[in-house]
Amino acid sequence: MAFSADRTAAGGLKQACNSFQAAAGAFAFLLDLSAECAAALERLMLAQAQECFFEKVIGDAKAPGLCCKVARQVSLYYEEASAALNSPPLNQHFDRMWISYAQIKAAHFYAEACYRISLDLHEREEIAEEIARLKSAIGALNDSKQFARGVAAPLLDAVNDLEGCLNLNLERALKENDRVYLMRVPQISSLAPLPAASLVKPFPMADILDASKERLFATLVPDNSAKALSRYTQMVDDIIRVQAETLQQGSETASIRLKEMDLPHSILALDGIFSLPADIKEDVEAVLVVGGPAGLDAEFQQLRT
């Protein structure tokens, strides 16, 4: 579910993050895995969940300091996973590509954290530490390239893109220091560790999988009840079909009887819906002119006399 989510959209990013945390909880819950294997897989899932948060803070244009903390925690999770996968007994069972992937990811996000904190340092004109952080990041990426064989191209492209940004910023910082600040660049070992902030945790599977809280068979229907329901449904269908046939027969009989009585045409004619033929209509009007039936009787009497 996490890998199928569209992480370019906010909803998809949230779904992926939640799925990775659920997977971390599931691996920690499984009893048929060794403790070492479960811990390594849990760290991998948490690393990817934290990575989703990093994508979110970058997309939301959060402050470089916060981005640094989130990225550094991604790196720490991958470092822990890499250390577990590269140690006995897991290194005898996992494909080397898994280890390489975790190592490159750890270096990538360590460099990302250095890059983000360097932006903050540049704003505060702490040029010496900025240079030290940038050099440390570039060194980490260069060291990780020894594990690049077999790693997916998109990851290597991301590493190369980040390295390009780091080199550009380092070149700029060195020029500014040589021309303006003239500060001594400290050794990276003398600097405080990069801050980290974990925003993820394994979802507790024990609560989710607790069957005592669910009526697992509440929606199941007993076999005899299902058969009785089927018979009832069939009976209702038969009644509806018989009534429909009776109604159809009655309608046909009524139509025949109406035709025999010249209905409803006669009724419609009386209601004035049908018009009389023109010659008959003229005769009727002539009768009405002489006074209707009474006028005709008077004319008959005159003819007799």
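The values are calculated or read from the model by the stated rules, or taken from the named source; none is laboratory data. The structure displayed is predicted, hence computed values, not measured ones. A quick note on method: Cβ atoms are made from the backbone with ideal geometry, for glycine too, and the neighbour counts reach across all protein chains shown.
Structure values in brief
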{"read-out": "Filtered residues of segment 73-107 (kept if of a type outside the set (G, A, S) and surrounded by 24 or more Cβ atoms within 10 Å (Cβ to Cβ))", "value": "Q73, V74, Y77, Y78, L85, I104, K105"}
{"read-out": "Sole exception among (1) out of contact with any Cys (no Cβ under 7 Å at 6 or more places or on another chain); (2) modelled with pLDDT of 70 or more; (3) surrounded by 11 or more Cβ atoms within 10 Å (Cβ to Cβ) for L194, by number", "value": "(1)"}
{"read-out": "Segment 123-132, residues that are surrounded by 19 or more Cβ atoms within 10 Å (Cβ to Cβ) and without any contact (Cβ under 8 Å) to a residue 60 or more places away in the chain", "value": "I127, E130, I131, A132"}
{"read-out": "Helices (runs of 4 or more DSSP H) fully within segment 27-145 counting 1 or more residues that are in contact with a strand residue (DSSP E or B) (Cβ under 6 Å, 6 or more places away or on another chain)", "value": "none"}
{"read-out": "Inter-residue pairs, beta-carbon under 9 Å, first closer than 16 Å to R149 by Cβ and in segment 87-112, second surrounded by 13 or more Cβ atoms within 10 Å (Cβ to Cβ) and among the basic types (K, R), 6+ apart", "value": "A102/R43; I104/K145; A107/K145"}
{"read-out": "Residue that is modelled with the highest pLDDT [pool: residues in segment 1-26 that are outside any helix (DSSP H, G or I) and surrounded by fewer than 18 Cβ atoms within 10 Å (Cβ to Cβ)]", "value": "A9"}
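Here is a yes/no grid of residues against (1) at pLDDT 95 or above; (2) crowded, with 19+ Cβ neighbours inside 10 Å; (3) not assigned by TED's automatic domain parsing to the domain that holds Y78:
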{"residue": "A137", "(1), (2), (3)": "yes, yes, no"}
{"residue": "A148", "(1), (2), (3)": "no, no, no"}
{"residue": "C165", "(1), (2), (3)": "yes, no, no"}
{"residue": "A173", "(1), (2), (3)": "yes, yes, no"}
